[in-house]
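Here is the structure we will look at, set down as structure tokens.
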Amino acid sequence: MARMINVSDNKTFALSNDFFSYVFCVTEEGILQHVYYGPPLKNPLEVEIHHLRTQREAASVFQGGQYFSLSDTPQEFPSFGTSDYRFPAVHGRNHDGNTVFSLLYKSYKVKDVKPLLKKLPASRGGDCETLIVTLSDPLHLLDVELYYTIYKHHGVLTRSAKFKNRGEQELQLQHAFSSSIDLPPAEYEVLHLHGTWAREFNEERIDVPKGRFVVDSARGTSSAAHNPFMAIMHKGTTEDLGHVYASTLMYSGNFALSVEKGEFEDVRMLAGINPFNFHWRLKPGKTFCTPEALHVFTDKGLGRMSHIWHNFIRKKITPERFANVPRPTYLNTWEAAYFDIDQDKVMDLAHQAKSVGVDMLVLDDGWFEGRRDDTSSLGDWRADRERFADGIPALAAKVKAEGLKFGIWFEPEMVNPKSQLFQDHPDWILHVPGRTPSLGRNQLTLDLSREEVVDYLFEQIDIILSCGDIDYVKWDMNRNMTEVGSAGLPKNRQREVSHRYMLGLYSLLKRLTCKHPNILFENCASGGNRFDLGMLNYMPQGWISDMSDPIGRLQIINGASYLYPTDTMAAYIGPSPNHQNGRVTSLQTRFLAGFFCAARGLSLNEADVVEHKDELFKYIEMARHSAEDMIGGRFHRLINNGNEVCWQLTTADEKTVYLLYFHILSAPNLPFRRAYMMGLDPKSEYLMVEDGTSYNGDALMSSGLALPYVTTGHVKDNIRYMDKGDFSSYLFIFKKEG
Ligand code: DGJ
């Protein structure tokens, strides 16, 4: 069988599958030079290596080599101090204060598996090969192992680095990136996803400027401000055309993704832990593993890029046991009752949920000792006996006796000063001596870099989950970190706290999800403040935003879909007027905005459910019937122009195609619009369920489908109309014939 990783005698390394080729070589100076990343090549080992050996004043200095400079050499893992002036992948200092690093090629191995990353989440192996190249700094006695995994059936390349101190003195790491890729000069654009609370995942697309453009986080979470995603693409790239180089990280803390356009128009992409305020002391004999960086290349535009990510996330990242499991519909108590909740109200909501066909009742915030508002009790994970007199296990059993599943909310990483936990362990929070810890939503962050804190949380949560009637957990996290310091670490290791926190969090998640494999975990951090592949490795779905207004949510889903499959997203029918922005929308639009998300539900109070019972019943029925289709489908962004959004989802078996169209603000005398569908079989016929008309696949793609018309009056017969007015929505369903 042809191998995906090949190495030539003169030390050229080629990784190649049906999606891409990636080539690098060892120069005569021992530098790992990047050679090629792009469409698959027939003979990748034979690709021309561009030897850039021109003499340029001031820069041509590499250990006496007059005609060689690292400043214009594309590299695999650059360091600083020997003629490369761009931002390096590795930097730090040794015990002498020497900050010059020089990593030279030492050896390589190829494995047919994907080695695990110590204490960090990682994508799973299977049908893959891994190349491990060891570089070494002969002076600092630092070895760096570069890991590259290529998959037979995926266009994703994963990379990580492992640093090992082979010397007898401590080394200090300041930059410990996971990967660096140098691309050749071209006109590039960069796409990234930025936002804030309730407005996550906004797209920004700009020309790659000269200099460095960085998206990062120093908040302790991957954050809503910048999701860990960056796509560099040829200028003018569309959904189905153009070269795209996209990166993300399997990490939920302080990350950095950057693109740097250098003096010779070369472009460097870096991915890894944010070097700002990071500092790791590497004792002799110790190793440090970076989080996994993931890269996608395609020459078929942003749509294809998304499909590669989506397939990979489903197959190799989210927990396997939920991969093909349709998600239950649920009623969540938050926007229904907020903190005004007790066991009778839960039961009332459970009855209402059942009456409209919902599968699960989720008890959100407010159930634990003394929790009447957000000023107290986080950390005391025992039922509030005044309002939940029978306790959680009994309540869960009662809800289940109604024929529903039962889910519960936790915010394990936090503590309120007003809590028993804080009284007992005031030093268990992130803090620095002499400074008052800042409160965020009246709460402090527990110090998960300490093992005893992680153990405590495991025990407390485990007690509740072990009652046997919990089907789902919503894992929330509602503030960014400040005063990041730990009483558990010495003074000179305080800049390790943020990363050690993540290791603690991952170990807690691993222990809980392994012990309770059948519980469905949903990730939440005030919505999308920590929606990333690290969290998705433990939890198959996430509450991507607190924005429950459907119109506000359209952009959030659209932006998130560049990287994340809609299978990982949760959406509710929320109240109208909406609690975040006051907008009034129809129940239909509230339902359809989240229709492609695998996890669908309601967050409505009893009166709302009663008032809209029949309509809700219909929608929950639709959600149940389509639940299987929302797993594994192919999502296409067809239109997103500020006033219209149109998406298509083709199911995994290709038999059903859904088309959703949203028209935001209405106006008279609008043009007639068409949707050019994508990825259909050009030779097949597609039957529109609504009116039984058959359409040719090629025509639906090339000539398009007439979209329903929004108008203030009737303009013509024989055309399809949407609801009059603002915020209207329409769903088409096609069945492939034959
Ligand atoms: C923030 C979450 O995003 C909400 O959905 C809700 O769970 C609240 N926290 C509860 O405090």
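The values are calculated or read from the model by the stated rules, or taken from the named source; none is laboratory data. All values reported here derive from a predicted model rather than from experimental measurement. Here Cβ is always computed from backbone atoms with ideal geometry, including for glycine, and neighbour counts include all displayed protein chains. Just so you know, the surface numbers come from the protein's heavy atoms only, side chains and all, with ligands and any DNA or RNA stripped out. Shrake-Rupley method; radii C 1.70, N 1.55, O 1.52, S 1.80 Å.
From the list V415, V358, V399, pick out the single residue that is within 16 Å of the ligand (Cβ to nearest atom), among the hydrophobic types (A, V, I, L, M, F, W, C) and either in contact (Cβ under 8 Å) with a residue 60 or more places away in the chain or surrounded by 21 or more Cβ atoms within 10 Å (Cβ to Cβ) (or both).
Criteria check complete, one pass: V415.
Those residues that are hydroxyl-bearing (S, T, Y) and either within 16 Å of the ligand (Cβ to nearest atom) or buried (at least 20 other Cβ atoms within 10 Å of the Cβ) (or both), I need them from the stretch 475-499; list them, please.
If the condition is that a residue be hydroxyl-bearing (S, T, Y) and either within 16 Å of the ligand (Cβ to nearest atom) or buried (at least 20 other Cβ atoms within 10 Å of the Cβ) (or both), then S486, S498 are the ones that fit.
Is it the case that some residue within the stretch 563-572 is assigned to a helix (DSSP H, G or I), assigned by TED's automatic domain parsing to the domain that holds L363, under 16 Å from the mean Cα position of the chain (by Cα) and more than 23 Å from F727 (Cα to Cα)?
Checked against the condition, which is being assigned to a helix (DSSP H, G or I), assigned by TED's automatic domain parsing to the domain that holds L363, under 16 Å from the mean Cα position of the chain (by Cα) and more than 23 Å from F727 (Cα to Cα), the stretch 563-572 yields at least one hit.
So N492 passes all but one of these: (1) part of a loop (DSSP other than H, G, I, E, B); (2) over 24 Å from the mean Cα position of the chain (by Cα). Which condition number does it fail?
Tallying (1) part of a loop (DSSP other than H, G, I, E, B); (2) over 24 Å from the mean Cα position of the chain (by Cα), N492 fails exactly one: (1).
Hey, which of the strands (runs of 3 or more DSSP E) in the stretch 85-191, taking only ones fully inside, have at least 3 residues that are more than 23 Å from V23 (Cα to Cα)?
90-93, 171-183
Does P577 satisfy the condition of being touching a Ser or Thr at 6+ places or on another chain (Cβ under 7 Å) and more than 30 Å from L120 (Cα to Cα)?
no
In the stretch 299-312, is there at least one residue being among the aromatic types (F, W, Y), closer than 23 Å to M539 by Cα and not assigned by TED's automatic domain parsing to the domain that holds R385?
yes
Residues checked against (1) within 14 Å of the ligand (Cβ to nearest atom); (2) of a type outside the set (A, V, I, L, M, F, W, C); (3) at pLDDT below 95:
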residue	(1), (2), (3)
S526	yes, yes, no
I556	yes, no, no
S561	no, yes, no
H579	yes, yes, no
R583	no, yes, no
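Between T329, T333, T375, which is in contact (Cβ under 8 Å) with a residue 40 or more places away in the chain, away from the ligand (no atom under 16 Å from the Cβ) and not hydrophobic (A, V, I, L, M, F, W, C)?
Within the list T329, T333, T375, the selection yields T329.
Check off (1) within 16 Å of the ligand (Cβ to nearest atom); (2) assigned to a loop (DSSP other than H, G, I, E, B); (3) under 11 Å from the mean Cα position of the chain (by Cα) for M535 and give me the number that stays unchecked.
Unmet condition: (2).
Among the residues that make up the stretch 115-128, is at least one of them under 33 Å from the mean Cα position of the chain (by Cα), polar (S, T, N, Q) and open to solvent by 10 Å² or more (accessible area, probe 1.4 Å)?
Checked against the condition, which is being under 33 Å from the mean Cα position of the chain (by Cα), polar (S, T, N, Q) and open to solvent by 10 Å² or more (accessible area, probe 1.4 Å), the stretch 115-128 yields no hits at all.
Kindly indicate whether C524 is within 23 Å of the chain's Cα centre (by Cα) and surrounded by fewer than 16 Cβ atoms within 10 Å (Cβ to Cβ).
The answer is no for C524.
Please state which of the following conditions G632 fails to meet, knowing it meets all the rest: (1) in a strand (DSSP E or B); (2) within 26 Å of R314 (Cβ to Cβ); (3) touching a residue at least 60 places away in the same chain (Cβ under 8 Å).
(1)
Identify the residue in the stretch 57-90 that is open to solvent by 60 Å² or more (accessible area, probe 1.4 Å) and under 32 Å from the mean Cα position of the chain (by Cα) and, among all such residues, is modelled with the lowest pLDDT.
Once the filter is applied, the top-ranked residue is Y85.
Answer yes if at least one residue in the stretch 543-558 is of a type outside the set (S, T, N, Q) and closer than 21 Å to A350 by Cβ, and no otherwise.
Yes; the residues of the stretch 543-558 include at least one that is of a type outside the set (S, T, N, Q) and closer than 21 Å to A350 by Cβ.
Would you check which residues across the stretch 203-213 are open to solvent by 50 Å² or more (accessible area, probe 1.4 Å) and in a strand (DSSP E or B) and list them?
Within the stretch 203-213, E203, E204, R205, I206, D207, R212 qualify.
For the stretch 341-355, check the following and say yes or no: at least one residue is free of Cβ contacts under 8 Å to residues at least 60 places away in the same chain, farther than 18 Å from Y572 by Cα, open to solvent by less than 10 Å² (accessible area, probe 1.4 Å) and β-branched (V, I, T).
Scanning the stretch 341-355 turns up at least one residue that is free of Cβ contacts under 8 Å to residues at least 60 places away in the same chain, farther than 18 Å from Y572 by Cα, open to solvent by less than 10 Å² (accessible area, probe 1.4 Å) and β-branched (V, I, T).
Which members of the stretch 91-114 meet the condition of being aliphatic (A, V, I, L, M) and crowded, with 21+ Cβ neighbours inside 10 Å?
Of everything in the stretch 91-114, just one residue is aliphatic (A, V, I, L, M) and crowded, with 21+ Cβ neighbours inside 10 Å, namely L103.
Open to solvent by 40 Å² or more (accessible area, probe 1.4 Å) and out of contact with any Phe, Trp or Tyr (no Cβ under 8 Å at 6 or more places or on another chain): is that true of G504 in this structure?
Spelling it out, it is not the case that G504 is open to solvent by 40 Å² or more (accessible area, probe 1.4 Å) and out of contact with any Phe, Trp or Tyr (no Cβ under 8 Å at 6 or more places or on another chain).
Filtering the stretch 612-629 down to residues that are of a type in the set (A, V, I, L, M, F, W, C) and in a helix (DSSP H, G or I), which residue is farthest from the chain's Cα centre (by Cα)?
Here the residue is F617.
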